[in-house]
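The values are calculated or read from the model by the stated rules, or taken from the named source; none is laboratory data. The structure presented is a predicted model; accordingly, all values stated were derived computationally and were not measured. No Cβ is skipped: glycine too gets one built from the backbone with ideal geometry, and neighbour counts run over all protein chains shown. Calculation scope for accessible area: heavy atoms of the full protein, side chains included, ligands and nucleic acids excluded. Shrake-Rupley method; radii C 1.70, N 1.55, O 1.52, S 1.80 Å.
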Amino acid sequence: MRNIDLAIIGGGPAGLAAAISAYDNGIKNIVIFEREDKLGGILNQCIHNGFGLTRFKESLTGPEYANRFIDGVLERIIEVLKETTVLEITKDKLITAINSEDGVFQVEAKAIILAMGCRERSKGALNIAGTRPAGIFSAGTAQKYVNIKGYMPGKKVVILGSGDIGLIMARRMTLEGAEVKAVFELMPYSSGLKRNIAQCLDDFNIPLYLSHTITKIEGKERVTGIVVSEVDENKKPIKGTEKHFDCDTVLFSVGLIPENELSKTASVELSPRSKGAIVDETRETNVSGIFACGNVLQVHDLVDFVSEEAEIAGKSASNYILNGKENSETVSVKEGKNVLYVLPQKLNVNADNTKIFFRVTNTLKDVTIKAESGGEVIFSRKKKVAVPGEMETVLLSKEKISALKGEVVISAEVE
């Protein structure tokens, strides 16, 4: 048994930023657990630029952005256990892990930061007729094949789902010489960033079919084509709208799921809306001393926001270790009209200025973003357009939080 101050599960952008933040706030006995053979997480295969515009005011590739934080971890001599898989975390902060050098071992920590990231939803989660031919990949897997391993998944490609990874892979496959026939989206709006639609589809004349889904995959040994149908307001295919596309490859970009298996073993309460942990503004979960940040908490659209959130978790974990838990009254933060989820879901009444993140349920024009408490509007901001693919924020001042009259409700109302 080994005792440490802080354990960070995951060496991606969230874990790295959290480790640096905790170290700079006084905690030196830190261990990062990373199951891969290198730090950086998903950023290692994101060789396109566009990262760091908010944080560093310059356009970086994924590896360049990750290296800014990897260098920070190395400079501070923070311990990293690579190729180490965490098997279980208990609510008492006992970690069971395994690697090839130590076998199965246990570590007891004073605090834990969950930063495991998220995974892609697979084709198995969808109800699509057809056999199981070669040529079906998740967009992230295809990205790894092309950018890391140097393999092309196929030559004639269609993509289901307009998430950011799917949009970026439409461009990437085109640049590598493949013909991307189209991108299909079940919803009446894209779930990706507007800039990615412009730069990855419009710039390459790749069509985007909204309110469409794949209803059949053809081919026995290898994909030979697909059938696509329009869907109605209940997301059901409309008979008579079928279109056929010849292709040899289908990429799925149909959503990301927070990696919460370890959160569950630690008895962390999860939100059915955000799919991540329920936390307060310090990013502490319902389990004392266990914090969460990054895509395991909520799926972010920008890695800059992941780093910002991770720094909150790192600072909060260090305060917990040095000063213990500060008990104070909390109020709930709830979803109002046209809001899919909010985060954090709880606020301590003595909290400092706090940014509340949320996503809208559908594309809204001429919208008023509001925060209300006790029937009183405590925040209001107008916006021309709000879309589900881009995270929105509400900033509440320390003075507003201390004067709250019950739960806070975040809404997005169309005029």
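Within region 286-330, the GluC sites (Glu not before Pro) that combine a DSSP coil assignment with at most 10 other C-beta atoms in a 10 angstrom radius are E326, E329.
Computed from backbone phi, the HN-Hα couplings of region 386-397 come to 10, 10, x, x, 10, 5, 10, 9, 10, 9, 9, 6 Hz, rounded to whole numbers (Karplus: 6.51 cos²θ - 1.76 cosθ + 1.60, θ = phi - 60°; Gly and Pro given as x). Full extension of the chain segment joining R119 with T90 gains 8.2 nm, where the gain is 0.36 nm per residue of separation less the Cα-Cα distance. Distance between the C-alpha centres of region 346-415 and region 141-197: 34 Å, rounded to the whole angstrom. Full extension of the segment from N353 to E221, taken as 0.36 nm per residue of separation minus the current Cα-Cα distance, would add 41.7 nm.
What percent do you get for the relative contact order of region 1-125 when only Cα pairs under 8 Å and 6+ apart count? Taking the mean separation of contacting Cα pairs over the length of region 1-125, I get 34 percent. Within a straight-line Cα-Cα reach of under 24 Å, K370 can be paired with the following lysines, leaving aside sequence neighbours fewer than 8 residues apart in one chain: K194, K275, K334, K337, K346, K355, K382, K383, K384, K398, K400, K405.
In nm, give the distance between the simple-model label positions of Q106 and R381, each being 7 Å from the Cα along the Cα-to-Cβ direction. Roughly 4.7 nm, to one decimal. Please give the helix 303-323 orientation as an angle from the longest Cα principal axis of the chain, in degrees from 0 to 90, rounded to the nearest 10. The two axes meet at around 20 degrees. The packing ranking, built from the mean of other Cβ atoms within 10 Å per residue, places the peptides 147-153, 406-412 in the order 406-412, 147-153, highest first.
Given Cα pairs under 8 Å that are at least 6 residues apart, what percent is the relative contact order of region 148-240? Taking the mean separation of contacting Cα pairs over the length of region 148-240, I get 23 percent.
Each residue of region 254-259 was assigned a 3J(HN,Hα) from its phi angle through the Karplus curve 6.51 cos²θ - 1.76 cosθ + 1.60 (θ = phi - 60°); the sequence is 10, x, 10, 10, x, 7 Hz, with glycine and proline shown as x. Across region 62-163, counting alpha-carbon atoms alone, Rg and Dmax equal 19.2, 53 Å.
FRET efficiency for the I98 to E269 pair, using the beta carbon distance and R₀ = 30 Å, is estimated at 0.65. With contributions of -39500 (n - 2.57) from each DSSP H run of at least four residues, the per-residue ellipticity at 222 nm computed over the chain stands at -5500 deg cm²/dmol.
Solvent-accessible surface of region 189-283, taken per residue with a 1.4 Å probe and all protein chains present: 49 Å².
Look at the alpha carbon pairs under 8 Å that are at least 6 residues apart: their mean separation over the length of the chain gives a relative contact order of 16 percent. Gain on full extension, evaluated as 0.36 nm per residue between T361 and E399 minus their Cα-Cα distance, stands at 10.7 nm. Using a ≥ b ≥ c from the Cα gyration tensor of region 281-334 (square roots of the eigenvalues), is it rounded, prolate or oblate, where a/c under 1.5 gives rounded and otherwise the larger of a/b and b/c decides, a/b for prolate? Oblate, because a/c is 1.5 or more while a/b does not exceed b/c. Among L160, L347, L210, the largest mean-square fluctuation in a Gaussian network model of the chain (Cα springs under 10 Å) belongs to L210. Looking at region 32-176, the accessible area is 50 square angstrom per residue; that uses a 1.4 Å probe and ignores ligands, DNA and RNA. The overall shape of region 62-109, judged from the alpha-carbon gyration tensor, is prolate: a/c is not under 1.5, and a/b is greater than b/c.
The angle between the Cα long axis of helix 62-75 and the longest principal axis of the Cα atoms of the chain comes to about 20 degrees, rounded to the nearest 10. Shape verdict for region 185-260, please, from the Cα gyration tensor: rounded (a/c under 1.5), prolate (a/b greater than b/c) or oblate. In terms of gyration-tensor shape, rounded. Angle, helix 164-175 long axis vs. longest principal axis of the chain, Cα atoms, 0 to 90°, nearest 10? The answer is roughly 50 degrees.
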